[in-house]
Amino acid sequence: MKFSISSILCAIVATAWVTAPAAAEDVSLTILRPTDGAVIETSSIPIETRFVRGTVGDHLHIYVDGKFMKTTKRETMTLWDVRDGQHAIEVRAASREKDEKGVEHKELGVNASVTVVVRTKEAKVAPDGSRTGR
């Protein structure tokens, strides 16, 4: 049986193309805390996730209201100085792939999000809707 170099290269490229998208499938991500809709009475928001890295997951990207905040390899972290109001918190799984230019952070399309309300003690709302102090 004879094989040409081009047929071998085509087989390698086809195999890589078929298996590459499946690599992110073994990555999973869940936000355990805070829960969706939680009211938090401090400007520091503790976040706890369950991150199954699989074969390509390396770290997490954290966003608040669509704005990138931090990168972490930890499953627990704290967001500091979050202002009062409603906020969307999104955690995205990412890989660290090196290319000819150095290190690249590639988001894998495996995301989890919750919406929370931050209401510090200084800005609690009274039953009549007015803001109260301490």
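The values are calculated or read from the model by the stated rules, or taken from the named source; none is laboratory data. Everything quoted here is computed from the prediction, not taken from an experiment. Note that we place each Cβ from the backbone using ideal geometry, even for glycine, and neighbour counts take in every protein chain shown. SASA here: full protein model, heavy atoms, side chains in, ligands and nucleic acids out. Shrake-Rupley method; radii C 1.70, N 1.55, O 1.52, S 1.80 Å.
Just grab the label-to-label distance for SER113 and THR35, each label 7 Å out from Cα along the Cβ direction, in nm (one decimal).
2.1 nm
With every protein chain in place, what's the accessible area of GLU97 (1.4 Å probe, Å², nearest 10)?
Looks like 70 Å² after rounding.
How much accessible surface area, in Å² rounded to 10, belongs to the heavy atoms of ASP81 with a 1.4 Å probe?
Accessible area of ASP81: about 130 Å².
By accessible area of protein heavy atoms, probe 1.4 Å, what ranking do SER113, SER43 get, highest first?
Largest accessible area first, the list is SER113, SER43.
How large is ³J(HN,Hα), in whole Hz, for each residue of the range 74-91 in order, when computed from phi with the Karplus curve 6.51 cos²θ - 1.76 cosθ + 1.60 and θ = phi - 60°, using x for Gly and Pro?
Here the 3J(HN,Hα) series is 7, 8, 10, 7, 10, 8, 9, 6, 7, 6, 4, x, 8, 9, 9, 10, 10, 10 Hz.
So how much slack lies between PHE68 and GLU104, counting 0.36 nm per residue of separation and subtracting their Cα-Cα distance, in nm?
The span from PHE68 to GLU104 would gain 11.4 nm if fully extended.
Relative contact order (percent) for the range 42-90, with alpha-carbon contacts under 8 angstrom and 6 or more residues of separation?
Dividing the mean separation by the residue count of the range 42-90 yields 48 percent.
For PHE68, tell me the accessible area in Å² from a 1.4 Å probe, rounded to the nearest 10.
PHE68 exposes around 100 Å² with every protein chain in place.
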